[in-house]
Amino acid sequence: MGISIIKGELIQSSADAIVHIISHSPLSGGADSKLYQAAGPELYQACTTLGVCMTGEAKITSGYRLPAKYVIHTHAPIWLGGNHNEGKLIEACYRNCLTLAEKNGCTSIAFPPISTGSYRCPARCLFRGPAGKAADIAIGVIEEFLKSSRCVKEIFIISSEDSICSAFSDSLEAHRKQTH
């Protein structure tokens, strides 16, 4: 139980819900993305009804042919240097996804590392001084959520990149040392 950092493919996760990073619309990944190929055309069709998703917001659909029961779509911020509320928006993405998972009876949820990769926010970049790395934001929000969650008990951060997994593992270890 708790938080696990896993090297792998998010769409293969058997968590109750997986998180899909989007830009404005759940369709922003395109009909040919790995997610839509794995979930089947029903997911793409369901996403056509969701409309626009503002940065930090989250919306939920069924997982259709995925191992996950649900897909939670969140509009992650693109890193613009750290002076455009990116840290607060990343927090909102995690918090809103966790809240949707809780409302839908999920006991587990799998996240990609929000706003890293093509969104240009390195996992080790600073948002709020030395303790404000992107990974620290995620771990902080998740740990806080777990304290009051009645349903969600297992949270996975899944990435195929070793450096991202290392950054999140380091942040998780540092957070546990600070709180124990």
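The values are calculated or read from the model by the stated rules, or taken from the named source; none is laboratory data. Quantities reported herein were computed from a predicted structural model and do not represent experimental measurements. Note that each Cβ is placed from the backbone with ideal geometry, even for glycine, and that neighbours are counted across all protein chains shown. When the accessible area is computed, the model is the full protein with side chains, heavy atoms only, and any ligands, DNA or RNA have been set aside. Shrake-Rupley method; radii C 1.70, N 1.55, O 1.52, S 1.80 Å.
Scan the chain and note any complete DSSP helix (H) whose C-alpha atoms cover at least 18 Å along its axis and whose Kyte-Doolittle average is 0.0 or more. Let's see the in-between values first.
Numbers: long enough: 86-103 (25 Å, -0.23); 134-148 (23 Å, 0.94); 162-179 (25 Å, -0.68).
Those that pass (Cα extent of 18 Å or more, hydropathy at least 0.0) are 134-148.
Measure off 7 Å from each Cα along the Cα-to-Cβ vector at S148 and H84, then give the distance between these two points in nanometres to one decimal.
3.1 nm
Taking θ = phi - 60°, what integer Hz values does the Karplus form 6.51 cos²θ - 1.76 cosθ + 1.60 yield along segment 44-51, in sequence order, with x for Gly and Pro?
4, 4, 4, 5, 5, 9, 7, x
Stretch M54-Q37 to full length: gain in nm at 0.36 nm per residue minus the Cα-Cα span? Intermediate values should be presented prior to the final figure.
Working: separation 17, 0.36 × 17 = 6.12 nm, distance 2.48 nm.
Going from the current span to full extension adds 3.6 nm.
Going down the table (K69/K153; K7/K59; K59/K103), which pairs top 19 Å between alpha carbons? Write out the running numbers ahead of the final one.
On the way: K69/K153 16 Å; K7/K59 25 Å; K59/K103 12 Å.
Correct reply: K7/K59.
How much length, in nm to one decimal, is gained on full extension between S166 and S4, taken as 0.36 nm per residue of separation minus their Cα-Cα distance? Walk me through the numbers on the way to the answer.
Values: separation 162, 0.36 × 162 = 58.32 nm, distance 1.19 nm.
This chain segment gains 57.1 nm when fully extended.
Which residue fluctuates most in the GNM of the chain (Cα springs below 10 Å): H73, H20, H84?
Looking only at H73, H20, H84, the largest GNM fluctuation is found for H84.
Please give the per residue accessible area of the chain, computed with a probe of 1.4 Å over protein heavy atoms only, in Å². Walk me through the numbers before you get to the answer.
Values: 8650 Å² over 180 residues.
Each residue of the chain exposes 48 Å² on average to a 1.4 Å probe.
On a full-extension model of 0.36 nm per residue, what is the gain between K103 and R176, subtracting their alpha-carbon distance, rounded to one decimal in nm? Mind showing how you got there, number by number?
Details: separation 73, 0.36 × 73 = 26.28 nm, distance 2.69 nm.
That works out to 23.6 nm of additional length.
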